[in-house]
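Quick notes on the structure that follows.
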Amino acid sequence: MSNSYYALITGGSRGIGKALATQLAAKGYHLLLVSGTDNILQQTAKELRLLYPSIDIQYLSIDLSSPEAAKAVFDWTNPYHDKLQLLVNNAGLGISGAFSAKPLETQLKVIDVNFRTLVALSYLFIPILQKQKKAYILNIASTAAYQTVPYLSVYAASKAAVLSFSRGLKQELSRSSISVSCISPGSTDTYFADRAEMGPSIKKIAARFNMSPEKVAAIAINGLFKHKAEIIPGNTNKLNAFIPRLFPKSWVEKIAGNIYKT
């Protein structure tokens with residue numbers, strides 16, 4: 001049974017985004033899916049329509065690193081603004097390797113997708129979400145937000161920005177109808193490591209601690225509706241976020257650098 005509300009999910013074609021879309025559809029949310037991967041996005045929409053025939057599922061393929069992306073998404077969703085209750089800023093991009101060895105254009109795209117467009121979408125949709133009696137913003141950070149990660153420097157910095165922005169925004173909106181949450185997953189069984197061009201040794205380490213996208217999504221949704229500011233899924237990830245605080249930053253950075261350098 002549909003609850004008649006819509007959820008807008010960026011990066012909704014696969015991974016955590018697809019898992020979030022699937023679980024929100026199961027809760028009766030209509031879906032507005034946005035991604036840059038057109039063929040995969042179409043397939044995801046097709047699958048979800050078969051699974052949930054009573055759910056309205058619309059999708060938009062767009063490059064979220066584009067300066068015009070946020071406004072284009074906002075305009076596209078205009079017919080659904082009266083029923084929009086949930087904004088999920090899930091789209092993410094990473095690049096592994098020495099900062100100076102990677103193209104500047106690629107590094108800036110990481111910032112654009114992970115943070116700039118997220119901020120722009122939040123700004124544009126807050127007035128829309130405030131019209132609902134209850135509304136939610138879910139931002140996706142990373143356990144990398146809790147420490148500097150050499151050879152993943154721009155990605156980690158962008159996710160630290162997402163986490164800080166989310167907590168600040170939650171306080172600013174604390175007297176409104178909007179609840180803001182931020183989830184910081186660790187290693188997750190998605191295509192991220194391949195797209196970020198991580199080496200085989202890093203992938204091997206990550207595979208030991210991988211959580212499924214479905215598990216991460218379930219924890220995210222549970223925390224979101226409980227109005228949690230900060231969500232870290234899994235005990236291992238909680239430890240990974242906390243332990244670096246106990247040691248000198250230079251030690252932590254050296255260890256991380258040795259891991260991600262290969």
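Readers should treat all values here as calculations from the given coordinates under stated rules, not as data from a laboratory. In this text the structure is predicted, and so the values were computed from the model without any measurement. Here Cβ is always computed from backbone atoms with ideal geometry, including for glycine, and neighbour counts include all displayed protein chains.
A few notes on this one:
- Taking every alpha-carbon pair under 8 Å whose residues sit at least 6 apart, region 6-260 reaches a relative contact order of 19 percent.
- The H on the amide N of L84, modeled in the peptide plane, is under 5 Å from the matching H of Y6, each at least 5 residues off or on a different chain.
- For region 85-165: span of alpha carbons on each principal axis (Å, largest first): 48, 24, 14
- For region 85-102, 3J(HN,Hα) computed residue by residue from phi via the Karplus equation (6.51, -1.76, 1.60; θ = phi - 60°) reads 10, 9, 10, 10, 8, 9, 4, x, 9, x, 9, 9, x, 4, 3, 6, 9, 9 Hz, glycine and proline entered as x.
- Other-chain or far-sequence residues with amide H under 5 Å of I231's (modelled H): C182, I183, S184
- FRET efficiency estimate (nearest 0.05) - Cβ-Cβ, K261 to N78, R0 41 angstrom: 0.30
- Going from the residue with the fewest nearby Cβ atoms within 10 Å to the one with the most, F165, F242 rank F242, F165.
- Cα point-scatterer Debye curve for region 1-98, base-10 log of I(q)/I(0) at q = 0.11, 0.13, 0.16, 0.17 Å⁻¹: -0.30, -0.41, -0.61, -0.69
- Remark: region 58-71, residue by residue, has Karplus-estimated 3J(HN,Hα) of 10, 9, 9, 9, 7, 7, 6, 8, 6, x, 8, 4, 4, 5 Hz, where x stands for each Gly or Pro and the curve is 6.51 cos²θ - 1.76 cosθ + 1.60 at θ = phi - 60°.
- Centre separation in Å (Cα based) which lies between region 7-25 and region 75-126: 15
- 3J(HN,Hα) along region 26-37: 4, 8, x, 6, 6, 10, 10, 9, 10, 6, x, 9 Hz, from the Karplus curve 6.51 cos²θ - 1.76 cosθ + 1.60 with θ = phi - 60°, whole Hz, x for Gly and Pro.
- Where both bridge residues fall in region 6-260, DSSP classifies roughly 0% of the beta bridges as antiparallel.
- Under a 5 Å amide H cut-off, with hydrogens placed 1.01 Å from N, M211 pairs with T188, D189 among residues at least 5 apart or on other chains.
- If R0 equals 41 Å, the separation of the Cβ atoms of E172 and A101 corresponds to a calculated FRET efficiency of about 0.60.
- The listed peptides 22-28, 96-102, 79-85, 140-146, ordered by packing as a protection proxy, come out as 140-146, 22-28, 79-85, 96-102 (highest mean of other Cβ atoms within 10 Å first).
- D112, D63, D75 arranged by Cβ crowding within 10 Å, fewest neighbours leading: D75, D63, D112
- Neighbour-count ranking [beta-carbon atoms within 10 angstrom, fewest first] of T148, T10, T44, T37: T37, T148, T44, T10
- Based on every Cα atom in region 6-260, Rg and the maximum pairwise Cα distance Dmax equal 17.6, 54 Å.
- Length added when fully stretched, E68-F242, from 0.36 nm per residue minus Cα-Cα: 58.9 nm
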